[in-house]
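Structure, as structure tokens:
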Amino acid sequence: MALMLDAENMVAPVDATLHYSRQVLSYLANHYTSGISMDDLVQEVGLTKSYICRLFKRHTGCTITEYVNRLRCYQAIYLIENGHSVTEVAAAVGFNDYNYFSRVFKKVTGYRPSEDMRKIKEDVKYRPAQIVLSAAGE
């Protein structure tokens with residue numbers, strides 16, 4: 001395990017596997033609008049499926065699926081706010097099935113995507129779908 005200086009110049013351990021989760025985050029940010037497969041992630045990162053999943057969960061606190069769903073829903077909110085129809089937004093953020101998109105959106109936000117975005121924005125504290133890696137040190 002490597003060491004680095006934190007904000008207070010204290011020596012803090014850095015997880016040497018953090019770069020793998022960063023690779024996954026980068027891949028997801030660039031491919032969330034299309035189908036994402038674990039086989040593609042395995043090719044990209046060069047680790048086994050189970051190890052990628054374990055590292056990602058350890059570093060982010062959520063599963064890859066949970067992260068992708070949040071990323072897609074937050075992007076959907078942005079697109080709907082900017083005048084796009086809910087149906088076209090579902091496809092634009094990577095959902096082939098509107099009903100599935102609607103269920104995922106409700107699970108993530110607590111609202112249906114057809115509800116008033118002003119209401120959703122007031123109640124749902126969302127931010128760009130980024131997860132700060134706990135040991136990132138950046």
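Taking S114, is it surrounded by fewer than 19 Cβ atoms within 10 Å (Cβ to Cβ) and either outside any loop (DSSP other than H, G, I, E, B) or modelled with pLDDT of 95 or more (or both)?
Working: surrounded by fewer than 19 Cβ atoms within 10 Å (Cβ to Cβ): yes; either outside any loop (DSSP other than H, G, I, E, B) or modelled with pLDDT of 95 or more (or both): no.
So S114 does not fit the description; no.
Cβ contacts < 7 Å: first residue open to solvent by less than 50 Å² (accessible area, probe 1.4 Å), restricted to the stretch 24-45; second residue among the charged types (D, E, K, R), any location; separation 6+ or different chain. Result?
That search, which allows pairs on different chains as well, returns Y27/E44; Y32/R72; V42/K49.
Output the residue which, of all residues in the stretch 1-36 that are assigned to a loop (DSSP other than H, G, I, E, B) and at pLDDT 90 or above, is farthest from N96 (Cα to Cα). Before the answer, list the steps.
Filtering the stretch 1-36 down to residues assigned to a loop (DSSP other than H, G, I, E, B) leaves 1, 6-10, 15-17, 32-36.
Okay, now just the ones that are also at pLDDT 90 or above, so 32-33.
Details: Y32: 12, T33: 10 Å.
Taking the candidates together, the pick is Y32.
The values are calculated or read from the model by the stated rules, or taken from the named source; none is laboratory data. On a predicted model such as this, the values are computed, not experimentally measured, just so you know. Note: ideal-geometry Cβ built from the backbone for every residue, glycine included; neighbour counts use all protein chains shown. What goes into the accessible areas is simple: the full protein's heavy atoms, side chains included, and nothing from ligands, DNA or RNA. Shrake-Rupley method; radii C 1.70, N 1.55, O 1.52, S 1.80 Å.
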